[in-house]
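Structure first, commentary second.
The values are calculated or read from the model by the stated rules, or taken from the named source; none is laboratory data. Worth saying up front: this structure is predicted, and the values here are computed from it rather than measured. Virtual Cβ from ideal backbone geometry, glycine too; neighbours counted across all protein chains shown. Just so you know, the surface numbers come from the protein's heavy atoms only, side chains and all, with ligands and any DNA or RNA stripped out. Shrake-Rupley method; radii C 1.70, N 1.55, O 1.52, S 1.80 Å.
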Amino acid sequence: MKLTVDMLSEKERNERQQALYIDWKSKVELIEMAVNLIMDKEVRELIEYRFIKGHPRKAAVVKFRLVTDRSVDRWIDEGVESIASTLKLMGPIT
């Protein structure tokens, strides 16, 4: 979504693209805010590395090699739960 928003922000848009741009831009901003609100620094860094930057799970396990792969999975679960809770509070998820 972020790549599409970035691409559409740099060019002239037709009516359909404009509607998509407005909708996705607000969603991307909310998700980025929710990620930034994750309290645990390691969890936030892992979520950014894995999902925002788009690296596969295996690469995340290698990068965060000081912990076990099960800990990486647990951190991902914690981060996703934190993001979901924030989005529930902000309104996009009911």
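Annotations for the structure displayed:
- Summed residue charge, Cβ within 15 Å of residue 10's Cβ, Lys/Arg positive, Asp/Glu negative: +2
- For the chain, the share of accessible area belonging to carbon and sulfur comes to 55 percent (1.4 Å probe, ligands and nucleic acids excluded).
- Qualifying trypsin sites (Lys or Arg not before Pro) in the range 19-83, DSSP loop, other Cβ atoms within 10 Å at most 14: 53, 65
- Filter on 41/63; 63/88; 27/88; 25/53; 25/88 - keep pairs with C-alpha separation over 23 Å: 63/88
- Considering only 36, 59, 47, and ranking their Cα positions along the charge dipole of the range 6-94 that arises from unit charges at the beta-carbon of Lys, Arg, Asp and Glu, the one farthest toward the positive end is 59.
- The relative contact order of the chain comes to 26 percent, based on Cα pairs under 8 Å that sit 6 or more residues apart.
- Answer label for P(r) over Cα pairs in 5 Å bins from 0, in percent (calculated), chosen among (i) 2, 17, 29, 27, 18, 6, 1; (ii) 3, 13, 25, 24, 20, 11, 4, 1; (iii) 2, 13, 21, 18, 16, 13, 9, 5, 2, 1: (iii)
- Per residue accessible area of the range 4-94, 1.4 Å probe, in Å²: 73 Å²
- The charge dipole of the chain, taken about its Cα centre with unit charges on the Cβ of Lys, Arg, Asp and Glu (plus for the first two, minus for the last two), comes to roughly 280 debye.
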